[in-house]
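In what follows, a single structure is set out as structure tokens and then discussed.
The values are calculated or read from the model by the stated rules, or taken from the named source; none is laboratory data. Since the structure is predicted, the reported quantities are computational estimates derived from the model, not experimental observations. Note: ideal-geometry Cβ built from the backbone for every residue, glycine included; neighbour counts use all protein chains shown.
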Amino acid sequence: MKNIPGQKGNKLSRRKALKTGALAAATVSVSLLAQERKSHAQETRSDTKNMHLSLAAYSMRDALNKGLMDLFGFIDWCAEMDLPGTELTSYYFKKRFDNSYLRELKRHALRSGVTISGTAIRNNFCLPSGPEKQKEIDHVKKWIDYSVEFFAPHIRIFAGTLPDGVAKQKGIGWVADGIKEALDYAADRGIMLGLENHGGITARAADHLAICDAVGKHPWFGINLDTGNYRTNCYEELAMAAPRAVNVQVKVEVFENDGTKVLADLGRVRDILVDAGYKGWIALEYEAEGDPRKEIPIYIEQMKRFFNS
């Protein structure tokens, strides 16, 4: 057969093109694999050792408020998700409970293989001395006693909201005085108190830290660091407060400076905690709009990757 003019050249060109294409595809695959490995490296860090995951009962507030779930069922759900911890928010304890109920919660968690990482209460210390302030202090002391009964090592407390017309510095002093009134009792009972950045007078890290400075160093006091509550420069403010954290609650969203919410960068949150030397419980507190039954397991799996848990 006669050679068709240019056929040999065409065959060579096709071979060259195929070879070039294969090399290009291999290069893309290697690049994608490198990106995947880099992403995985960003998620997992060995220095997250001794950070343990928990879930705040507040995350299931609708079901708990409507009676579709109780705290025993919540503990079961935490166990199903293979979580080390469960945070039992005080709002969802049954009405008019006694110590036998608290011991049952403790036993149920123990038999489920889940540790009670802490509890969380409402209180307002942004008040002057007087009967109302004393009522708030007594409320905290009561929950210190309860926490001993059901093995909750930590209580999340609030500062409160500054009343209109009151200077901020005075409010900071009021809150610090209230905490100091409860702290010796907490120390005697072996319960840690963590002051949360829950808006109000603690909306900015500088004021949050000013309250802690006014309380002074105490082995049974620190910050309950909520990663979604600082309203401006959130990651910078988290980094300021993280060295004093004794408990952490992670939100899946954070505030931008204009007040809008965006998805949190969990890797950045993790790095802030690592850099601060934090060790202890990290409780997911889900407040986003999605169905918590569907969304929480997804975020728990993400957090297991980021915190090597």
### Task
Residues that are among the hydroxyl-bearing types (Ser, Thr, Tyr) and free of Cβ contacts under 8 Å to residues at least 40 places away in the same chain: find the strands (runs of 3 or more DSSP E) completely inside the range 102-220 holding 1 or more of those.
115-120
### Query
Does Pro243 satisfy the criteria of being under 18 Å from Phe74 (Cβ atoms) and part of a helix (DSSP H, G or I)?
no
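With respect to Ala187, determine if the residue is assigned by TED's automatic domain parsing to the domain that holds Asp82, in contact with a Phe, Trp or Tyr (Cβ under 6 Å, 6 or more places away or on another chain) and closer than 23 Å to Ala245 by Cβ. Show your work before the answer.
Numbers: assigned by TED's automatic domain parsing to the domain that holds Asp82: yes; in contact with a Phe, Trp or Tyr (Cβ under 6 Å, 6 or more places away or on another chain): yes; closer than 23 Å to Ala245 by Cβ: yes.
It is true that Ala187 is assigned by TED's automatic domain parsing to the domain that holds Asp82, in contact with a Phe, Trp or Tyr (Cβ under 6 Å, 6 or more places away or on another chain) and closer than 23 Å to Ala245 by Cβ.
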### Message
Can you tell me which residue is nearest to the chain's Cα centre (by Cα) among those in the range 287-309 that are outside any helix (DSSP H, G or I) and farther than 25 Å from Lys49 by Cβ?
### Response
Glu287
#### Entry: Val175 being aliphatic (A, V, I, L, M), over 13 Å from Ala120 (Cα atoms) and buried (at least 17 other Cβ atoms within 10 Å of the Cβ)
yes
### Query
Out of all the residues in the range 112-166, which are of a type in the set (A, V, I, L, M) and within 17 Å of the chain's Cα centre (by Cα)?
Ile116, Ala120, Ile121, Ala152, Ile155, Ile157
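So is Ala239 under 23 Å from Tyr58 (Cα atoms) and small (Gly, Ala, Ser) or not? Even if it seems obvious, please write down each step before you answer.
Values: under 23 Å from Tyr58 (Cα atoms): no; small (Gly, Ala, Ser): yes.
In short, no.
Check the range 78-91 and report whether any residue there is surrounded by 12 or more Cβ atoms within 10 Å (Cβ to Cβ) and at pLDDT below 95. Quick ask: steps written out before the conclusion?
In the first step, residues of the range 78-91 are kept if they are surrounded by 12 or more Cβ atoms within 10 Å (Cβ to Cβ); the result is 78-79, 81-91.
Okay, now just the ones that are also at pLDDT below 95, so none.
Within the range 78-91, none of the residues are surrounded by 12 or more Cβ atoms within 10 Å (Cβ to Cβ) and at pLDDT below 95.
Residue under question is Gly200, and the condition is that it be over 29 Å from Phe72 (Cα atoms), surrounded by fewer than 23 Cβ atoms within 10 Å (Cβ to Cβ), modelled with pLDDT under 95 and of a type outside the set (A, V, I, L, M, F, W, C); does it hold?
yes
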### Message
Among the residues in the range 64-76, are any part of a strand (DSSP E or B) and either under 22 Å from the mean Cα position of the chain (by Cα) or aliphatic (A, V, I, L, M) (or both)?
### Response
no
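Given the criteria farther than 26 Å from Gly160 by Cβ and either in contact with a Ser or Thr (Cβ under 8 Å, 6 or more places away or on another chain) or surrounded by fewer than 22 Cβ atoms within 10 Å (Cβ to Cβ) (or both), does Asp207 qualify?
Numbers: farther than 26 Å from Gly160 by Cβ: no; either in contact with a Ser or Thr (Cβ under 8 Å, 6 or more places away or on another chain) or surrounded by fewer than 22 Cβ atoms within 10 Å (Cβ to Cβ) (or both): yes.
Criteria not met by Asp207.
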